[in-house]
Amino acid sequence: MERLRTRFPDTLVLAFDPQGSAAATEASYSSRLAGAPDDLAVCCGFLDHVRGRSADPAERTALAFALENVRLQEASR
């Protein structure tokens, strides 16, 4: 990796994902969320991505409340 960084100083990560591997066939995180219908779906999708499980009803309610508060604050500006 150090030899690569000498030649390509802006290299952050080197990954090998051969064609046909699970990583090559799965949609990226950003492409999965690109079609999200609303901000709540994006937030819940993030929780699912980082925790490996969906938001429970209480978490969905808390997120919806937080998003609504942000919308109200932005509208009052």
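If you go through segment 1-59 and keep only what is among the polar types (S, T, N, Q) and at pLDDT 85 or above, you end up with just 54.
Go through segment 26-38 and give me each residue that's of a type outside the set (A, V, I, L, M) and farther than 18 Å from residue 53 by Cα. Residues satisfying the conditions are 31, 35, 37, 38.
Exactly one residue among 64, 55 is surrounded by 13 or more Cβ atoms within 10 Å (Cβ to Cβ) and part of a loop (DSSP other than H, G, I, E, B), and that residue is 55.
The residue that is nearest to residue 42 (Cα to Cα), counting only those in segment 61-70 that are without any contact (Cβ under 8 Å) to a residue 24 or more places away in the chain and under 21 Å from the mean Cα position of the chain (by Cα), is 63.
Can you pull out every residue in segment 49-77 that is hydroxyl-bearing (Ser, Thr, Tyr) and either in contact with a Cys (Cβ under 8 Å, 6 or more places away or on another chain) or closer than 17 Å to residue 33 by Cα (or both)? Once the filter is applied, which keeps residues that are hydroxyl-bearing (Ser, Thr, Tyr) and either in contact with a Cys (Cβ under 8 Å, 6 or more places away or on another chain) or closer than 17 Å to residue 33 by Cα (or both), segment 49-77 yields only 54.
Apart from one condition, residue 45 fits all of (1) part of a loop (DSSP other than H, G, I, E, B); (2) within 12 Å of the chain's Cα centre (by Cα); the exception is (1).
The values are calculated or read from the model by the stated rules, or taken from the named source; none is laboratory data. This one's a predicted model, so the numbers in the text were calculated from it and none came from an experiment. Every residue, glycine among them, receives a Cβ derived from its backbone with ideal geometry; neighbour counts consider all protein chains shown.
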